[in-house]
Amino acid sequence: MKWYFASRQKHKQAIRGIIKILKENNQNIVFDWTELGKIKPYSCNRGICGELSNKISLALLDAEIFVLISDKRGTDMFVELGIAIANWLKNKGIRIYIVGEWNKRSLMQLHPAIIHVNNLRDVFYKEYPKIIEKLNFI
(Lines give C-alpha, C1' and ligand atoms only; values in the text may rest on other atoms or scores of the structure.)
Protein backbone atom coordinates (compact mmCIF):
# COMPACT_ATOMS: atom_id res chain seq x y z
CA MET A 1 0.00 0.00 0.00
CA LYS A 2 1.06 3.58 -0.55
CA TRP A 3 0.76 5.80 2.53
CA TYR A 4 0.97 9.52 3.27
CA PHE A 5 0.89 11.04 6.77
CA ALA A 6 -0.07 14.68 7.26
CA SER A 7 0.46 16.37 10.58
CA ARG A 8 1.97 19.25 12.42
CA GLN A 9 5.69 19.16 13.06
CA LYS A 10 5.15 18.33 16.73
CA HIS A 11 4.15 14.77 15.74
CA LYS A 12 7.20 14.33 13.52
CA GLN A 13 9.04 11.77 15.68
CA ALA A 14 5.99 9.52 16.11
CA ILE A 15 5.28 9.62 12.39
CA ARG A 16 8.94 8.92 11.62
CA GLY A 17 8.69 5.78 13.79
CA ILE A 18 5.51 4.63 12.05
CA ILE A 19 7.05 5.23 8.62
CA LYS A 20 10.14 3.22 9.59
CA ILE A 21 8.04 0.24 10.64
CA LEU A 22 5.83 0.47 7.55
CA LYS A 23 8.89 0.50 5.27
CA GLU A 24 10.38 -2.48 7.14
CA ASN A 25 7.11 -4.29 6.31
CA ASN A 26 7.24 -3.55 2.57
CA GLN A 27 4.80 -0.65 2.64
CA ASN A 28 5.43 2.44 0.52
CA ILE A 29 5.47 6.01 1.74
CA VAL A 30 4.72 8.33 -1.17
CA PHE A 31 6.58 11.22 0.50
CA ASP A 32 8.35 11.36 3.84
CA TRP A 33 8.35 14.97 5.00
CA THR A 34 9.85 13.94 8.35
CA GLU A 35 13.23 13.72 6.61
CA LEU A 36 13.19 17.31 5.36
CA GLY A 37 15.86 19.60 6.69
CA LYS A 38 15.25 23.07 8.04
CA ILE A 39 13.19 25.05 5.53
CA LYS A 40 11.61 27.63 7.82
CA PRO A 41 11.13 30.48 7.45
CA TYR A 42 9.47 29.48 4.20
CA SER A 43 9.64 32.99 2.77
CA CYS A 44 13.45 32.86 2.93
CA ASN A 45 13.53 29.48 1.18
CA ARG A 46 11.06 30.07 -1.61
CA GLY A 47 12.92 28.07 -4.26
CA ILE A 48 13.24 24.85 -2.29
CA CYS A 49 9.75 25.28 -0.82
CA GLY A 50 8.28 25.64 -4.30
CA GLU A 51 10.01 22.44 -5.41
CA LEU A 52 8.97 20.56 -2.27
CA SER A 53 5.35 21.68 -2.43
CA ASN A 54 5.17 20.43 -6.02
CA LYS A 55 6.79 17.08 -5.11
CA ILE A 56 4.40 16.60 -2.21
CA SER A 57 1.38 17.52 -4.35
CA LEU A 58 2.36 14.99 -7.03
CA ALA A 59 3.13 12.31 -4.43
CA LEU A 60 -0.30 12.76 -2.86
CA LEU A 61 -1.88 11.84 -6.19
CA ASP A 62 -0.21 8.44 -5.86
CA ALA A 63 -1.33 7.76 -2.26
CA GLU A 64 -3.78 4.97 -1.48
CA ILE A 65 -4.07 5.81 2.22
CA PHE A 66 -3.94 9.36 3.53
CA VAL A 67 -3.78 9.86 7.29
CA LEU A 68 -4.11 13.28 8.90
CA ILE A 69 -3.28 13.58 12.60
CA SER A 70 -5.72 16.24 13.72
CA ASP A 71 -4.79 19.23 15.81
CA LYS A 72 -6.47 22.46 16.87
CA ARG A 73 -3.87 24.33 14.83
CA GLY A 74 -1.94 23.80 11.63
CA THR A 75 -2.01 24.90 8.02
CA ASP A 76 -0.16 22.77 5.47
CA MET A 77 -1.84 19.56 6.57
CA PHE A 78 -5.16 21.02 5.45
CA VAL A 79 -3.78 21.83 2.00
CA GLU A 80 -2.62 18.22 1.82
CA LEU A 81 -6.11 17.12 2.87
CA GLY A 82 -7.57 19.16 0.02
CA ILE A 83 -5.30 17.44 -2.48
CA ALA A 84 -6.30 14.04 -1.07
CA ILE A 85 -10.00 14.92 -1.40
CA ALA A 86 -9.43 16.06 -4.99
CA ASN A 87 -7.70 12.72 -5.64
CA TRP A 88 -10.70 10.89 -4.13
CA LEU A 89 -13.07 12.87 -6.34
CA LYS A 90 -11.02 11.90 -9.37
CA ASN A 91 -10.69 8.17 -8.78
CA LYS A 92 -12.20 7.24 -5.39
CA GLY A 93 -9.30 4.82 -4.82
CA ILE A 94 -7.75 6.69 -1.90
CA ARG A 95 -8.89 6.16 1.69
CA ILE A 96 -8.70 9.32 3.77
CA TYR A 97 -8.49 9.16 7.56
CA ILE A 98 -8.53 12.00 10.04
CA VAL A 99 -7.36 10.88 13.45
CA GLY A 100 -8.00 12.32 16.89
CA GLU A 101 -9.94 14.81 18.94
CA TRP A 102 -9.92 17.57 16.32
CA ASN A 103 -11.04 15.39 13.40
CA LYS A 104 -14.23 17.36 12.73
CA ARG A 105 -13.13 20.95 13.33
CA SER A 106 -13.65 22.33 9.81
CA LEU A 107 -16.10 22.09 6.95
CA MET A 108 -13.78 20.09 4.69
CA GLN A 109 -13.06 17.61 7.46
CA LEU A 110 -16.70 16.58 7.10
CA HIS A 111 -16.39 15.70 3.41
CA PRO A 112 -18.00 12.34 2.56
CA ALA A 113 -14.60 10.89 1.63
CA ILE A 114 -13.32 11.24 5.20
CA ILE A 115 -13.16 8.35 7.64
CA HIS A 116 -13.03 9.70 11.19
CA VAL A 117 -11.18 7.64 13.79
CA ASN A 118 -10.17 8.26 17.38
CA ASN A 119 -6.59 7.03 17.16
CA LEU A 120 -3.96 5.62 14.81
CA ARG A 121 -4.64 2.08 15.96
CA ASP A 122 -8.09 2.37 14.36
CA VAL A 123 -6.45 3.17 11.01
CA PHE A 124 -4.15 0.17 11.21
CA TYR A 125 -6.95 -2.17 12.35
CA LYS A 126 -8.78 -1.28 9.12
CA GLU A 127 -5.83 -1.07 6.72
CA TYR A 128 -2.98 -3.24 7.96
CA PRO A 129 -3.86 -5.15 11.15
CA LYS A 130 -0.84 -7.44 11.13
CA ILE A 131 1.45 -4.49 11.91
CA ILE A 132 -0.33 -3.35 15.09
CA GLU A 133 1.83 -5.35 17.49
CA LYS A 134 4.90 -3.62 16.02
CA LEU A 135 3.40 -0.18 16.67
CA ASN A 136 3.27 -0.48 20.44
CA PHE A 137 4.16 3.20 20.87
CA ILE A 138 0.91 4.53 19.41
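Quick notes
- Taking all Cα-Cα distances within segment 78-138, those exceeding 15 Å account for 53%.
- Note, ³J(HN,Hα) from phi for segment 85-91, Karplus 6.51, -1.76, 1.60, rounded to Hz, x at Gly and Pro: 5, 4, 4, 4, 4, 6, 9
- Long-range amide H partners of Leu68 with built H, under 5 Å: Ala6, Tyr97, Ile98, Val99
- The charge dipole of the chain, taken about its Cα centre with unit charges on the Cβ of Lys, Arg, Asp and Glu (plus for the first two, minus for the last two), comes to roughly 260 debye.
- Between Tyr125 and Arg46, the contour length at 0.36 nm per residue exceeds the alpha carbon distance by 24.5 nm.
- Set of lysines near Lys12 by C-alpha distance (under 22 Å), chain-local residues within fewer than 8 positions excluded: Lys2, Lys20, Lys23, Lys38, Lys40, Lys55, Lys72, Lys104, Lys134
- Each listed q (0.10, 0.11, 0.14 Å⁻¹) maps to a log10 I(q)/I(0) for the chain from the Debye sum over equal C-alpha point scatterers, namely -0.31, -0.38, -0.63.
- Accessible area per residue, Å², the chain with all protein chains present, probe 1.4 Å: 57
- Listed residues Ser70, Phe31, Gly50: farthest to the positive end of the dipole of the chain (Cβ charges): Ser70
- For segment 8-89, the Kirkwood hydrodynamic radius from C-alpha pairs, put into Stokes-Einstein at 20 °C and a viscosity of 1.002 mPa s, yields a diffusion coefficient of 155 µm² per second.
- Here the 3J(HN,Hα) profile of segment 65-80, calculated from phi with Karplus coefficients 6.51, -1.76 and 1.60 at θ = phi - 60°, is 10, 10, 10, 10, 7, 6, 7, 6, 10, x, 10, 4, 4, 7, 5, 4 Hz, Gly and Pro shown as x.
- 222 nm mean residue ellipticity, helices alone, for the chain (DSSP H n ≥ 4; -39,500 (n - 2.57); rounded to 500): -12000 deg cm²/dmol
- Inter-label distance for Asp71 and Ala86, nm, one decimal - labels placed 7 Å from Cα along Cα-to-Cβ: 2.3
The values are calculated or read from the model by the stated rules, or taken from the named source; none is laboratory data. Keep in mind that what you see is a predicted model, and the values were worked out from it rather than measured. Don't worry about glycine lacking a Cβ; one is built from the backbone with ideal geometry, like all the others, and counts go over all protein chains shown. In case anyone asks, the SASA skips ligands and DNA or RNA and just uses the protein heavy atoms, side chains included. Shrake-Rupley method; radii C 1.70, N 1.55, O 1.52, S 1.80 Å.
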